[in-house]
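The values are calculated or read from the model by the stated rules, or taken from the named source; none is laboratory data. All figures in this text were calculated on a predicted structure; none of them were measured in a lab. Every residue, glycine among them, receives a Cβ derived from its backbone with ideal geometry; neighbour counts consider all protein chains shown. Note: areas computed on protein heavy atoms with side chains; ligands, DNA, RNA excluded. Shrake-Rupley method; radii C 1.70, N 1.55, O 1.52, S 1.80 Å.
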Amino acid sequence: MNRIQPTVSAENLTQFETLALDSSMNLADGHARQQLTSAQSKIVAELPDMWAEAIMRPVSEIEQEAAESFFGMLGQHSHPFAAGRTLSCYSSSLAMEILARSLVTTSDAIALLHPTFDNIPDILAGVGLKLIPVEEEQAHDDDLPAELLEQVGCVFITTPNNPTGRVMTEARLRRLAEQCAEYNVVLALDTSFRGFDTAAQFDHYAVLEASGCRWVVIEDTGKLWPTLELKIGWLARSANVDLPIEKIHSDILLGTSPLILLMVKRFSDDGADGGLAELHRTIAEHRALVRAELAGVPDISFVDEQARVSVERLHVGSRMGMDVWSAVRSQNLYVLPCQKFHWARPNEGERMLRLALSRNPSTLLAGAEVLRSALLDTPERHR
Ligand SMILES: Cc1ncc(COP(=O)(O)O)c(C=O)c1O
């Protein structure tokens, strides 16, 4: 029996994700909600000892160890923590807010990847920056036009991208950084999903430094491990960035929790010791499970064949994404409609849904079954 649903009013992706938080079939947000591995469970069991350790030791020492372990696990050996240019934040969104507030002191426009997770455009627009879309194909395939680089103070790229999973190659990053250096434009990267894809684990900091461009990178521990929102967003910058990042960071916070930093260090060390490879296998299995469960449904496709990130886009063919979303919601399954990723032209996402893969297999299986019958029942719709 269908329960009567209140009307949905969600203005951004996070509000759609919030609707799902209490559901047992939440495939909406991209946060990690799968079971802890046995190695991770052991680390969690040691949290009381870490608490005692965090009280005893200097925070700066703990922060440095966490950064060395996390960036090291991801191949980012040239990261600038030792040079005093990496700040820790409670989350990557806070790092983003600090970057946005810094950028708006020197420029009024930014070139931003399209599509991408909507809290990035929302935070940038929220401080008054004008956003100019850079299509994903263009960012990955061609030089950016001179007229664009002359208009903006920053080029912002999410790599791997959410929701597409697309990763910027080393050669492409080098060329983009050279262009940004030439036009004195800041190159900003959000690499929150890099842990899922080894293609995104070449040493970005070496490439950025060699280019001489002004750069900022936002890294995130929050998408990888099921740590109940205990996470760190790192905000790293070049020596020549010439933005008031440190001041604005200190306007907002003194620092992050040494307990969380110790936990990040331990999870990272485990990641480097095989945990990350295990996570890659888990996500690949979950992707295969969802694809197999939906196999044979007419007029659907998985959009991002190469994706390795913990989310998967499903094209629902001639159906409307919101029709499918409403149908599965009435069965208590939550997924994400994709319009809002397409922040400049939402209609481009109206026939796609995003499914989260960092869940337990039983949740994915139950969700895929509900989705399968909803897809079979949802009629075609022409706009
Ligand atoms: C690419 C990207 N960056 C940043 C964020 C924000 O992360 P948080 O909510 O942990 O601040 C998200 C959230 O999903 C994201 O997808």
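Data overview
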| quantity | calculated |
| --- | --- |
| Fraction of accessible area attributable to carbon and sulfur, the chain (%, probe 1.4 Å) | 52 percent |
| Share antiparallel - DSSP beta bridges, the chain, percent rounded to 5 | 45 percent |
| Over the stretch 49-269: Kirkwood hydrodynamic radius from C-alpha pairwise inverse distances, Å | 17.4 Å |
| Pairs of alpha carbons in the chain whose separation is greater than 25 Å (percent) | 56 percent |
| Cα-projected label distance for Val303 with Met56, points at 7 Å along beta-carbon direction, nm | 5.1 nm |
| Distance in nm between pseudo-label sites at Phe202 and Gln64 (7 Å out along the Cβ direction from Cα) | 3.1 nm |
| Contour excess over end-to-end distance, with Cα ends at Ser107 and Asp142 and 0.36 nm allotted per residue | 10.2 nm |
| Nearest-0.05 FRET efficiency for Ala171 and Lys42, computed from C-beta distance (R0 35 Å) | 0.30 |
| Estimated inter-spin distance, Asn360 and Ala344, nm [label 7 Å along Cα→Cβ] | 4.3 nm |
| When each of Lys42/Lys223; Lys223/Lys340; Lys42/Lys231; Lys130/Lys265; Lys130/Lys340; Lys130/Lys247 is checked by Cα-Cα distance, pairs over 28 Å | Lys130/Lys265 |
| Two-decimal Rg to Rh for the stretch 227-324 - Kirkwood Rh, Cα set | 1.14 |
| Cleavage-rule hits, GluC sites (Glu not before Pro), the stretch 1-87, DSSP coil, Cβ neighbours within 10 Å at most 10 | Glu11 |
| Whole-Hz ³J(HN,Hα) from phi, Karplus 6.51 cos²θ - 1.76 cosθ + 1.60, for the stretch 153-158, glycine and proline x | x, 7, 10, 10, 10, 9 |
